[in-house]
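**Q** Would you mind keeping the following structure in view while I ask a few things?
All of the numbers you see were taken from the coordinates with simple rules; none came from a lab. For clarity, every value in this text was computed on a predicted model and none was experimentally measured. Every residue, glycine as well, gets a Cβ built from its backbone with ideal geometry; the counts of neighbours run over all protein chains shown.
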Amino acid sequence: MGLPVRTVPAGARAAVRHRHLSGGQRFLFVLALLTFALASFYNSVVLLTRVTPALFPGKTFSLPIVDSVIDTLPDSVRPAVPGAESSFNKRINWLIIGVDKRPGDRDEDAYNTDTLMVATVDPLSKVSSILSFPRDMWIDIHPPQGGSYKGRINASYAAGFLNNGGSFEAGAEQLKTDLKKDFGIEINYWLWLDFKGVEKLIDTLGGIDVDIPHELSVPQWYYSDDDVHARYVSFPPGPQHLDGYNAVAFGRYRNDSDLYRVKRQQLVLQTAVKKIFSRGLLQNLTEVKSLWDAFSATIHTDMSYTKMISILPLMQETNGRMNLFSLGDPVNGAPTVEGYTTPDGASVLTWNAENVQNWLSQAFTKAQYAQSIVEVQNGYGDDGGLRAAALGRYLKYSKGLPTVDVGPDVAAQPTTSIVLFDNGKRDLAKDVAKWLGVPESVVTLQKKETGTEPDVLVIIGRDFKIPGS
């Protein structure tokens, strides 16, 4: 039995066919579509603004047409670009572990570290740095079972390897823990390599051309990279072309001082990185993949190829420029490390915590403080010179400002003042005011007259008190 059929009169059908929206209804319909389109556009821009730096550190979403539209929006609704404190813009730290592996040993055996560096890059300032650790630094080693004991920093990796599962990851995790607890350094990724891996890398680049300073020159030395086939090598001062074998030999020499060896290793690394950039190897993804595949058997890391590709644009922006620092270097003539013989007769290096903090501040400078110059002047009066010097040390060592100078005494003044000569450093001036416990209103902007003025000038007055006192 069929379903009943409803018959619509012809006149009604015609009415349905010819029914139109009124002018007001059409306007509301178009307005709704336009609102939906704008909302979708806005949400897409917000999403891309937030996601871009997460996928590609140091990058922000930008299209000329889109930017011109966004600039017309009020601050309250304008998509916010992740700032300096965003997790997306935190500096990226790599732990470079160079092991003292001998011929015939397996990669997965435990070794002391022959080289220990932290490579760091700031996504905002595009500044990269290398911080080296002398291998005999006497530190606290913190096993996962709890507690701590004293040991050389070059034994940290082996301790983790032997006691925590016997793997590259276990050794690297122990080093990461000790660097965080002893020096406050957060490691994002680690890279393990041995001498043969470095030799292969240098040879792949066609060797490197180094200009050896006199203090790093090496006299005739009987060297072997396999403990069997030794030969005499020497590295006089001046320009030298080094293949992989000789680059490693130069970097391993420490008969004069392990602190000089650190400098030699940094020189080799810096020169190799410059050659990588000069040849444009990081601009060609085919070359990058080829290098990755070629060294995957000799280099171990917890960074995936995908993650490396996402960081590649940031590395390209540094253009191979890097600052070199070592915890073996003195500060203003005062040694950072000094020789010490332990009760059981081991020769190690103890370290000056304040000097170490100086080098940490230099290597890991906050983006908003990068390349800033702060000057402190005494406007306190009698005994103010000592107070100004104390403030300078506080700003440099406790707050991590890269360059702090103590200037000449000036006429005494009742209150502390802060002069800002570079408006781009206003956040720094505000931070200084906060640290000193003075209102932001004391910060005044002045124009540079000679070009030699600092970014921020602090003149301490009679109301000055040393922070924390």
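**Q** Under the rule a/c < 1.5 gives rounded, and otherwise a/b versus b/c splits prolate from oblate, where does the stretch 372-460 land using the Cα gyration tensor?
**A** The shape class here is rounded.
**Q** Give a residue-ordered list of calculated ³J(HN,Hα) values for the stretch 183-200 (Karplus: 6.51 cos²θ - 1.76 cosθ + 1.60, θ = phi - 60°; whole Hz; x for Gly, Pro).
**A** Calculated HN-Hα couplings, in order: 10, x, 9, 8, 9, 8, 9, 10, 9, 10, 8, 10, 4, 5, x, 5, 4, 5 Hz.
**Q** Report, for the stretch 372-460, the % of DSSP beta bridges that are antiparallel, rounded to 5.
**A** 25 percent
**Q** For the stretch 372-460, what relative contact order do you get, as a whole percent, if you take Cα pairs closer than 8 Å and at least 6 residues apart?
**A** Averaging sequence separation for qualifying contacts and normalising by length gives 41 percent for the stretch 372-460.
**Q** Sort HIS241, HIS300, HIS229 by Cβ crowding within 10 Å, fewest neighbours at the top.
**A** HIS229, HIS241, HIS300
**Q** Hey, another quick one. Mean shadow of the stretch 306-354, computed from the convex hull of its alpha carbons, in nm²?
**A** Result: 6.6 nm².
**Q** Could you please rank GLU449, GLU169, placing first whichever residue has the fewest other Cβ atoms within 10 Å of its Cβ?
**A** Ascending number of Cβ neighbours within 10 Å: GLU449, GLU169.
**Q** If you don't mind, there's one more thing I want to ask. Report the trypsin sites (Lys or Arg not before Pro) located in the stretch 335-437 that are in a DSSP loop and have at most 10 other Cβ atoms inside 10 Å of their Cβ, or state none.
**A** Filter output for the stretch 335-437: empty list.
**Q** Arranged by the count of other C-beta atoms within 10 angstrom, fewest first, what order do THR416, THR450 take?
**A** Lowest count first: THR450, THR416.
**Q** Read phi for every residue in the stretch 388-393 and hand back ³J(HN,Hα) as whole Hz from Karplus 6.51 cos²θ - 1.76 cosθ + 1.60, θ = phi - 60°, with x for Gly and Pro.
**A** After applying 6.51 cos²θ - 1.76 cosθ + 1.60, I find 5, 5, 5, 5, x, 5 Hz.
**Q** Once you have a ≥ b ≥ c as the square roots of the Cα gyration tensor eigenvalues for the stretch 194-253, tell me rounded if a/c is under 1.5, and otherwise prolate or oblate according to whether a/b is larger than b/c.
**A** oblate
**Q** Now for a different question. Considering Cα pairs under 8 angstrom that are at least six residues apart, work out the relative contact order of the stretch 235-387 and quote it in whole percent.
**A** Computed over the stretch 235-387, the figure is 13 percent.
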